[in-house]
Structures are given as C-alpha cells and as structure tokens.
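Enquirer: One structure coming up, written as structure tokens, with questions to follow.
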Amino acid sequence: MRKPLKILLMTTGGILGTLLIAVVAFTGLSPQLGGKPTQTDKEAYAKSGHYNAKEGEFVNMIPTRELTGSSMPKVMWQFLFHKAPNATPPGPLPQQPLDSLAITRKTPEMARVTWFGHSASLVELAGQNILLDPMLSVEMGPVSWATPNRYNRSVAITPEKLPPIAAVLISHDHYDHLDYATIHKIKDKVGHFYVPLGIGPHLRRWGVVNEKIVEMNWGDSTRLANGLVLRCTPSRHFSGRGLGNRNSTLWCSWVMQAPAKRVFYTGDGGYGPHFAAIGQQYGPFDLALVECGQYDANWADIHMRPEQSVQAARDVRAAVMLPVHWGAFTEANHGWNESVTRATAEAARLGQPITTPHLGEPITLGTALPKERWWEK
C-alpha cells in the first residue's frame, strides 16, 4: 500500500508543481497584468499624500476595509455555489447599436452621454469625446474562464468603430474598468489618457506612448480645448491586477466641467464624505454617472448599496443620476437587476431625478431623458 500511496503523492505533487510554475510564468509574461512602477515612480507617489511608502500601497482618506464581514474563501464559496436565483438575465439585454457617424453628429454646445454597459460610457462635452473606463471587450481579464461572462455577446459599439477620442479617463485598474484589449485597439485614436497615479506603467507596457499619458493625483486638473476642465477627485476603493500589486495604483472619481454643463463620474467605491465635499467644491452637476451594482455586506466599505448611490448623487448635487456598474457582468451575489430596481425606488422616495437608458442609447442633457423600466420586461 505504501508504494502506490507514494506514487500518488509524487504524481499529485508533480501536477501541483507544474501548475504553480505555469501560473508564475503566466503572471510574469501576460501583458494583461500590466506594468510595474520604477523606484522613481514610487518616490513620486510618496509625495502624493495618499501613499504608504513602507507598505508600497495607496490608501484611502478614511479607514476602509476591503472585507467587512467574512473571509475571502467564504465569500468566494458563496459566490460560486450560492448565487442569487436571478443572478443573470434570461437572455441578452436590449441594446442600441452605434457607429462613429452617429457619434460625430453634434454641435459644440451639445452635451450627450452614452452608457455601453457596466461603467464604460462616452461623454460628449464641449464638442469633444471623453471615454470613461472603456471595458468594451466581451471577455474579461487574462483568463476568461475564471471571470464573469458578459450578458450580451456583443457591445453597442466596438473599439474599432469609435471616432477620435480627446480623452480617456480611467478610475482604477481593475479588469472591469481598465481593459487591455480595448486600450490596445484605441490607443492610436486617443489624444490623451488621464489616469490615477500608478496606472502609467500599465499603459506604457501596452504600447501607449508616454506623451499621451497623464498621471494625476486627487485634486489635480487639466484643461482641454473649448474651456473643458477635467479634475481627478477622490473615491473610496482599492486596486490591483495580480497577486503582487495590491493597491499599487491610485483610484479616483472624475469631474468634467465645460462652460455650459458639468458631469461627474464616481468610479467605484464605498460611500463617504468625499461626495459632499466634491458637490460643495465643484457642483452642482447636470448629470452624475454613479456606481450602482456589484455590492455585498462583505465589502460594504468599497462598494455602495443602491440607496447609498442615490444619496451620493444628492451629495454631489446632481440634477440627474445615471446608474452605472450594472447591466453587463455579475460580480456580486445579488440579482442582476436588483440594483437598478432599488435605486429607482430610493430616487422616487427622495425626489432624485434618475435616467435609465438602454445599453447604447444616447441621452442629451437638456432634453427629455429616458426613464423606461426596461429591465422588468
């Protein structure tokens, strides 16, 4: 009995060892994981006021726990084997296909926003195209079998069909917000990538020339043509694309301020006093794209519940709230449309105007905005 057992143990050990070597090799070679900051980069981060140089990590403005009620193995077990009954929709979601011709029909005074699903959105402001967190791939991350599937097997517009983009704004480096494949396809049609501190090395590894990359700290701003100002503002979240780079890049929200209209994008993150501060300093806003989905009691500090999302819209003084971070992937243990159902109910209770367009349906500020409860059909 001992010899067969020894052979079994040796075989199992060999398989595990081979898998470990494969994983290490993959994480070192896959471009999906991004780049690494240099020592000079880290020294610059240490001057930001939001970087723990000893730990090599960015930190939030207030104490924030990534897990608030359980261990990671238990959370993963619940997600994999105890999913909500309607975790995914019964079929593809209604979607309005777009092309670059439709997007280029505009005037400098027009303010138009198109949500593509999850958080990927196009903001047309001051005659310029601004692309937010462009995850426009069907598959997510370096190993698609291990990541959530997109509900629709196509997106409203492919990266190749996008018109020239003046600015790409990234909120943080998680795979569902910073997509290697999309960046690789659009990098030559983008004027500049405006990103939180630490994301520059990712983009450089992916072939984006350094002259197009602008890394920003909370409070930094830049001015584009036609009086358009972009401001990097705080959020309450975390970052990382692999096992060894937790919180190695900053996370943020974005203010887009044109002479006639103002738009705010929360990025990902938990509720906190930063929303009221942003609203006081830079509001009111004509529209706020607010994270609304992929929440759980176990990560209450780093993702808002729907009711908090509505309150965040009120805090920043948004005339209209557009819920995002839903409608594409299931990344939490709740129904796929629960977040928008709860958010619209809370918005009605508090009197917060809200718009709920279909995927790919442009909305023009200053006109009647879509409010159809299409997710119930």
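Enquirer: Do you know which residues across segment 199-211 are surrounded by 15 or more Cβ atoms within 10 Å (Cβ to Cβ) and more than 9 Å from GLY34 (Cα to Cα)?
Expert: Of everything in segment 199-211, those that are surrounded by 15 or more Cβ atoms within 10 Å (Cβ to Cβ) and more than 9 Å from GLY34 (Cα to Cα) turn out to be GLY200, VAL208.
Enquirer: Only residues that are under 19 Å from GLY141 (Cβ atoms) and among the basic types (Lys, Arg): list them for segment 188-234, please.
Expert: Selection gives ARG205 alone.
Enquirer: Does VAL138 satisfy the criteria of being over 16 Å from the mean Cα position of the chain (by Cα) and closer than 17 Å to GLU331 by Cα?
Expert: Numbers: over 16 Å from the mean Cα position of the chain (by Cα): no; closer than 17 Å to GLU331 by Cα: yes.
Considered against the rule, which asks whether it is over 16 Å from the mean Cα position of the chain (by Cα) and closer than 17 Å to GLU331 by Cα, VAL138 comes out as no.
Enquirer: I'm trying to understand the selection: among the residues of segment 155-179, which are surrounded by fewer than 23 Cβ atoms within 10 Å (Cβ to Cβ) and among the hydroxyl-bearing types (Ser, Thr, Tyr)?
Expert: Listed by number, the residues that qualify are THR158, TYR175.
Enquirer: Just to be sure I understand the filter: pairs with C-beta atoms under 8 Å, separated by 6 or more residues or on different chains, first member in segment 211-226 and without any contact (Cβ under 8 Å) to a residue 60 or more places away in the chain, second member part of a loop (DSSP other than H, G, I, E, B) and hydrophobic (A, V, I, L, M, F, W, C). Which pairs pass?
Expert: GLU215/LEU197; GLU215/ILE199; MET216/LEU197; MET216/CYS252
Enquirer: I've got another one for you. If you take the residues in segment 334-376 that are of a type in the set (D, E, K, R) and part of a loop (DSSP other than H, G, I, E, B), which one is least open to solvent (accessible area, probe 1.4 Å)?
Expert: Across segment 334-376, the extreme among qualifying residues is GLU361.
Enquirer: Still on this structure, I have one more. Can we say ARG262 is over 17 Å from the mean Cα position of the chain (by Cα), among the basic types (Lys, Arg) and under 26 Å from HIS184 (Cβ atoms)?
Expert: no
Enquirer: Also, quick follow-up: Among the residues of segment 330-374, which ones are farther than 14 Å from HIS118 by Cα, free of Cβ contacts under 8 Å to residues at least 60 places away in the same chain and among the hydrophobic types (A, V, I, L, M, F, W, C)?
Expert: Within segment 330-374, ALA343, ALA345, ALA347, ALA348, LEU350, ILE354, ALA368, LEU369 qualify.
Enquirer: Take PRO92 and tell me if it is open to solvent by 60 Å² or more (accessible area, probe 1.4 Å), at pLDDT 90 or above, assigned to a loop (DSSP other than H, G, I, E, B) and over 25 Å from GLY242 (Cβ atoms).
Expert: yes
Enquirer: Would you confirm, using the coordinates I've provided, whether VAL310 is part of a helix (DSSP H, G or I) and aliphatic (A, V, I, L, M)?
Expert: Numbers: part of a helix (DSSP H, G or I): yes; aliphatic (A, V, I, L, M): yes.
In short, yes.
Enquirer: Among the residues of segment 310-322, is any open to solvent by less than 20 Å² (accessible area, probe 1.4 Å), touching a residue at least 40 places away in the same chain (Cβ under 8 Å) and not hydrophobic (A, V, I, L, M, F, W, C)?
Expert: Within segment 310-322 (the criterion being open to solvent by less than 20 Å² (accessible area, probe 1.4 Å), touching a residue at least 40 places away in the same chain (Cβ under 8 Å) and not hydrophobic (A, V, I, L, M, F, W, C)), the answer is no, since none of the residues qualifies.
Enquirer: Consider only pairs whose beta carbons are under 6 Å apart and that are at least six residues apart or on different chains; among these, list those whose first residue lies in segment 125-139 and is of a type outside the set (A, V, I, L, M, F, W, C) and whose second residue is open to solvent by 20 Å² or more (accessible area, probe 1.4 Å).
Expert: GLY127/PRO108; GLY127/ASN226; GLN128/ALA166; ASN129/ALA166; SER137/ALA181
Enquirer: Given the conditions (1) farther than 19 Å from THR364 by Cβ; (2) within 21 Å of the chain's Cα centre (by Cα), which single one is not true for PRO92?
Expert: With respect to (1) farther than 19 Å from THR364 by Cβ; (2) within 21 Å of the chain's Cα centre (by Cα), PRO92 is out only on (2).
Enquirer: Please find, within segment 241-263, the residue that is farthest from HIS50 (Cα to Cα) out of those that are touching a Lys or Arg at 6+ places or on another chain (Cβ under 9 Å), of a type outside the set (Gly, Ala, Ser) and at pLDDT 95 or above.
Expert: GLN257
Enquirer: Now, a different point. Quick test for you: out of THR182, THR222, pick the one residue that is closer than 30 Å to TRP375 by Cα and either under 16 Å from the mean Cα position of the chain (by Cα) or open to solvent by less than 50 Å² (accessible area, probe 1.4 Å) (or both). If you could, list the steps in order and put the result at the bottom.
Expert: Numbers: THR222 fails: closer than 30 Å to TRP375 by Cα.
None of the others qualify; the one that does is THR182.
Enquirer: Among the candidates PRO306, PRO273, which residue alone is at pLDDT 95 or above and open to solvent by less than 30 Å² (accessible area, probe 1.4 Å)?
Expert: PRO306
Enquirer: Another question, then. Is there a residue being among the small types (Gly, Ala, Ser), under 28 Å from SER30 (Cβ atoms) and touching a Phe, Trp or Tyr at 6+ places or on another chain (Cβ under 7 Å) anywhere in segment 165-176?
Expert: Yes, there is a match, as at least one residue in segment 165-176 is among the small types (Gly, Ala, Ser), under 28 Å from SER30 (Cβ atoms) and touching a Phe, Trp or Tyr at 6+ places or on another chain (Cβ under 7 Å).
The values are calculated or read from the model by the stated rules, or taken from the named source; none is laboratory data. Please read all numbers here as calculations on a predicted model, not as lab measurements. When we count neighbours, we look across all protein chains shown, and the Cβ atoms used for this are built from the backbone with ideal geometry, even at glycine. Side chains are part of the model used for accessible areas, which takes the heavy atoms of the whole protein and leaves out ligands, DNA and RNA. Shrake-Rupley method; radii C 1.70, N 1.55, O 1.52, S 1.80 Å.
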